[in-house]
Amino acid sequence: MGRKPCGELSAPPLRNCILCDSVPDGILYRSNAKKSSYFVTRAPFHSHTELVRCPACGLVYSSQTGLPGKEYYKKMKDETYLREEKYRVRAFAEFWKTIERLNAVPGRILDVGAGAGFLLYQARMKGWKAEGVEPSEWARGIIAGREPEIRMYEDMFQIKSERVYDVISIMDVIEHMENPLVCMKKIRALIKDSGYLYLTTPNIMSLPARLLGKHWWSMIPAHIYYFSPRTLTSLLKQSGFSVIRIEISCVRGLPLDSWLDRILRFAGLSFELPEIDLPVTVNLRDQMGIYARPI
Ligand SMILES: [Zn+2]
């Protein structure tokens, strides 16, 4: 643990914490990631960049700079993900139930990190005006071909109007961002004062994360930030939101072969599996789902 103090001029300075500006006092896990392993789907398990834990607020984050960010996501393609649509959308049922209770009349929704638009197609079926942010050109092309009425942006900073969305969802995105605080402040500017935010991200204080440490399956090179309920609440508060509900477990729906593929790769094995069209919904209890309102 810890970098050699003073005199080791070759080591680059550690990045300060985005939440409290503290200087990390040592390395939590040294990097074992190769540049070629920055995949999001079929990410290599047991692999991560250099991680530090803020000594003041506990935020865990990558201290490395120059990670493949926006450019990587722009070029991202994922055919497997398309096949998983009918399984993945099952996980949205709880989201819609809550949103329809909070916001009785369908309004305007923005999905940040919209992927191939699975949530947005559902939104339109329910009468919402659906818009999305997605850096991947390939994914935006799929949405444009399927439902051209959905307005898409490559980057949320392209949206100039303020206080316009009734609901903004951002699922499994902030852990990939270079600076989640800057992005959440932009989201606060985009959402109506009466609106709702829904956010999901892995929970580093969950039992699987604490038991498995650096071998936790959510430790992948593409994840730059690892939040806990406490650090996530702090991020939201600093961005102008107050948390109204934290679900400390979220279900995931995938076809059976996708789950088997993940289990095999986690165990260090790799086989070409046939497609097994059997939906399996699993709650690994290591993801947080948060509903928040603007302050
Ligand atoms: Zn901190």
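Here, each number is a calculation from the coordinates, and none is a lab measurement. Predicted, not measured: the structure shown is a model, and the values here were computed from it. Methodologically, a virtual Cβ is constructed for each residue, glycine included, from the backbone with ideal geometry; neighbour enumeration extends over all protein chains shown.
Using just the helices of the chain, give the 222 nm mean residue ellipticity in deg cm²/dmol: DSSP H runs with n ≥ 4 each add -39,500 (n - 2.57), and the total is spread over all residues, rounded to 500.
For the chain, the value works out to -7500 deg cm²/dmol.
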Suppose R0 equals 35 Å; then what is the FRET efficiency for residue 67 and residue 158 from their Cβ-Cβ distance, rounded to the nearest 0.05? 0.95
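Considering Cα pairs under 8 angstrom that are at least six residues apart, work out the relative contact order of region 117-244 and quote it in whole percent.
Numbers: 146 pairs, mean separation 26.9, N = 128.
Rounded, it is 21 percent for region 117-244.
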Over region 62-105, what lengths in whole Å, largest first, do the semi-axes of the equivalent ellipsoid take, defined as the square roots of 5 times the eigenvalues of the alpha-carbon gyration tensor? 32, 18, 10
Rg and Dmax of the chain, Cα atoms only, in Å: 19.1, 62
Which value in nm describes the separation of the simple spin-label points at residue 193 and residue 15, placed 7 Å from the Cα toward the beta carbon? 3.4 nm
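What is the diffusion coefficient of region 127-279 in µm²/s, taking the Kirkwood radius over Cα pairs and the Stokes-Einstein relation at 10 °C with a viscosity of 1.306 mPa s? Intermediate values should be presented prior to the final figure.
On the way: Rh = 17.9 Å.
Reported coefficient: 88 µm²/s.
Nothing charged except the Cβ atoms of Lys and Arg (+1) and of Asp and Glu (-1): what's the magnitude of the dipole of the chain about its Cα centre? Round to the nearest 20 debye.
Numbers: 41 positive and 32 negative charges, 119 e Å.
Result for the chain is approximately 580 debye, rounded to the nearest 20.
Quote the FRET efficiency, to the nearest 0.05, computed for residue 124 versus residue 25 with a Förster distance R0 of 41 Å and r equal to the Cβ-Cβ distance.
Values: r = 49 Å, r/R0 = 1.20.
Once rounded, the FRET efficiency stands at 0.25.
Taking only the alpha-carbon atoms of region 172-238, what semi-axes of the equivalent ellipsoid follow from 5 times the gyration tensor eigenvalues under a square root, in whole Å, largest first?
Details: eigenvalues 126, 31, 16 Å².
Three semi-axes, in Å: 25, 13, 9.
Need the full-extension length gain, residue 267 to residue 283, defined as separation in residues times 0.36 nm minus the C-alpha distance. One decimal, nm. Please report the intermediate quantities before stating the final value.
Details: separation 16, 0.36 × 16 = 5.76 nm, distance 1.95 nm.
Between residue 267 and residue 283, full extension yields an extra 3.8 nm.
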Choose one answer from 123, 104, 189: the residue with the largest mean-square fluctuation in a GNM of the chain with alpha-carbon springs under 10 Å. 104
Find how much the distance from residue 214 to residue 237 grows on full extension, using 0.36 nm per residue of separation minus their present alpha carbon separation; answer in nm with one decimal. 5.5 nm
Among 206, 31, 270, which one shows the biggest mean-square fluctuation in a GNM of the chain, springs joining Cα atoms closer than 10 Å? 270
Sequence-distant lysines (8 or more away, or on other chains) whose Cα lies within less than 25 Å of residue 86: 74, 75, 77, 97, 126, 129
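Exposed loop GluC sites (Glu not before Pro) only (DSSP loop, at most 12 other Cβ atoms within 10 Å): please give the longest stretch of the chain free of them, not including the sites.
On the way: sites that count: 8, 149, 162, 272, 275.
Between the exposed loop sites, the longest stretch runs 9-148.
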Between residue 149 and residue 82, what length comes free when the chain is fully extended (0.36 nm per residue of separation minus the Cα-Cα distance, one decimal in nm)? 22.1 nm
Whole Å is fine, so just give me how far the alpha carbon centre of region 112-178 lies from that of region 181-237. 19 Å
Rounded, prolate or oblate: pick one for region 120-193, where a ≥ b ≥ c are the square roots of the eigenvalues of its C-alpha gyration tensor, a/c under 1.5 means rounded, and failing that, prolate if a/b is larger than b/c, else oblate. oblate
